[in-house]
Ligand code: AMP
């Protein structure tokens, strides 16, 4: 397919803010790409499936250099234009537009295949001299691009298409095109099916392909291909927890670590993924060893929490102390000694070639009990009681807190596992702490003593596929230096993901998740969510979490109602 055809669709999507219109436009386009389902990735502004670990890793500085080299102008000219327009995609468009008037810059028509080929090569490049090679691949594309194509190419490599298509709209478009629902009820039914298939596959191309052939039920779990984890709503108190998960229920320690999905394949390999589907096998050699030695089975997918403890006192520590291990590439053994981890297994969703997501929780728990050999401070099962007695739960709750854990999880004994969904099959019970996980969507340069650093951060919550701002945070960073959260470090991180710049302010790709503590929430017209967090401060950086994990507007509204 010609890339220009795809760009026309981008343009049409960008010109409307209405969800229904976007769905229609997308559904019509899906008809044209039924034989090339991978083009769905480009519609998502990506070249790989969501589960895929590969990243383009192109910073906006690299994009600036690619544009300047293509047009034969100085980087500073591109930066000047960027300061004016605030969007590098538009900058590329405008510069190429001018250039086009002077020379015949386009040599040949750009195809989607060529775009995908070049972009797919980028993550394979490693080591010295690769920056130039990466730029070379982008320039080659820009050389054949029309101004409009250049706009979307640059936005694609920066990971922000600005066409307002999130996973919800894509799911609805696939539902509309593949199932042609006749009424709202049918639409809901099919769209749930598409969503469930996506949560297993984390791959919209595969979902689109199978949906068109009416084969969504053929989408299977597969070790090595991370699935979206099940998420849990909050309960107010023990009574509320029982109301949601039923009686009797299982109550487990809610460990204050980070979630790992451990995948073992029949071929013998074991891989560890975080809940944002990033592979961290290399960072945690001890988890690999514990699982290899103490969990029976030739293939499985296990859901567990990696919990830190003090090597000397054996006291459990909080998430912060082990968070630095997640992104660590060097001195892994040393870090493992300094910040040891105990693995607390709490669920299993695949065993010996079979999916267990339809199996009742109590059966899944029995299975992990059967196949795991527990060794304290290495590998354990989540501490659990099964009861219908509130008092017993209260006691267990107190004990969990005394053991430095966050609280309890209450679980419905007969519930299936729902990948990706925040359903009431299990609830979390934590002492009243006022914090939310949010994503940084913007930042501002500091002034005076803080000049040269980004010191104020816009944070956003989630509303289906959209992000809504809910406040500005500028404090809490000093204490978090250990976690890579000093102003210097966060400035460095954010500079790599800038997508727009307007004077001292900028927008960044929504990638960095932080736990934000606040005093209360107020209604506010200043932010797109309609709310503002008062006295917010950053409590922790959450490199293990992704956009699915951040607070939703419903949760914020619930909190406002309850306070
Ligand atoms: P939250 O991060 O506050 O939304 O709470 C959910 C997280 O608690 C899960 O994603 C797990 O990482 C963690 N967790 C700790 N212990 C358990 C447990 N026993 N069962 C389920 N999740 C747990």
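The values are calculated or read from the model by the stated rules, or taken from the named source; none is laboratory data. Predicted model, so just to flag it, every value in this text is computed and none were measured. Every residue, glycine as well, gets a Cβ built from its backbone with ideal geometry; the counts of neighbours run over all protein chains shown.
Give the residues of the range 481-517 that are at pLDDT below 85, closer than 23 Å to residue 159 by Cβ and assigned to a helix (DSSP H, G or I), sorted by residue number.
489, 490
For residue 73, only one of the following conditions fails: (1) surrounded by 15 or more Cβ atoms within 10 Å (Cβ to Cβ); (2) at pLDDT below 95; (3) not assigned by TED's automatic domain parsing to the domain that holds residue 94. What is its number?
Unmet for residue 73, out of (1) surrounded by 15 or more Cβ atoms within 10 Å (Cβ to Cβ); (2) at pLDDT below 95; (3) not assigned by TED's automatic domain parsing to the domain that holds residue 94: (3).
Among the candidates 520, 562, which residue alone is at pLDDT below 85 and out of contact with any helix residue (DSSP H, G or I) (no Cβ under 7 Å at 6 or more places or on another chain)?
Every option except 562 fails the conditions.
Within the range 99-108, can one find any residue that is at pLDDT 90 or above and in a helix (DSSP H, G or I)?
No, every residue in the range 99-108 fails to be at pLDDT 90 or above and in a helix (DSSP H, G or I).
Residue 367 versus (1) over 30 Å from residue 168 (Cα atoms); (2) in contact (Cβ under 8 Å) with a residue 12 or more places away in the chain; (3) out of contact with any strand residue (DSSP E or B) (no Cβ under 7 Å at 6 or more places or on another chain): which is the lone unmet condition?
(3)
Any residue in the range 464-476 that is outside any strand (DSSP E or B), within 24 Å of residue 328 (Cβ to Cβ), away from the ligand (no atom under 16 Å from the Cβ) and not assigned by TED's automatic domain parsing to the domain that holds residue 88?
yes
Looking at residue 243, is it out of contact with any helix residue (DSSP H, G or I) (no Cβ under 6 Å at 6 or more places or on another chain), without any contact (Cβ under 8 Å) to a residue 12 or more places away in the chain and closer than 25 Å to residue 386 by Cα?
yes
Consider the range 289-312. How many of its residues are more than 14 Å from the ligand (Cβ to nearest atom) and modelled with pLDDT of 95 or more?
Residues flagged as more than 14 Å from the ligand (Cβ to nearest atom) and modelled with pLDDT of 95 or more within the range 289-312 amount to 13.
When the residues of the range 403-429 are narrowed to those that are at pLDDT 90 or above and surrounded by fewer than 18 Cβ atoms within 10 Å (Cβ to Cβ), which ends up farthest from the ligand (Cβ to nearest atom)?
414
Condition first: surrounded by 22 or more Cβ atoms within 10 Å (Cβ to Cβ) and more than 10 Å from the ligand (Cβ to nearest atom). Now tell me which residues in the range 224-260 satisfy that.
Correct list: 226, 227, 228, 235, 241, 245, 249.
Give the range 324-381 a look and list any residue that's out of contact with any helix residue (DSSP H, G or I) (no Cβ under 9 Å at 6 or more places or on another chain), assigned to a loop (DSSP other than H, G, I, E, B) and on the phi < 0 side of the Ramachandran plot, or say none.
326, 327, 329, 330, 358, 360, 376
State all residues of the range 266-316 that are part of a helix (DSSP H, G or I) and crowded, with 20+ Cβ neighbours inside 10 Å; if no residue qualifies, say none.
287, 290, 291
Determine whether the range 321-333 contains at least one residue that is buried (at least 17 other Cβ atoms within 10 Å of the Cβ) and touching a strand residue (DSSP E or B) at 6+ places or on another chain (Cβ under 6 Å).
Yes, because at least one residue in the range 321-333 is buried (at least 17 other Cβ atoms within 10 Å of the Cβ) and touching a strand residue (DSSP E or B) at 6+ places or on another chain (Cβ under 6 Å).
Please give the number of the condition residue 432 fails out of (1) more than 12 Å from the ligand (Cβ to nearest atom); (2) in a helix (DSSP H, G or I).
Just one mismatch for residue 432, condition (2).
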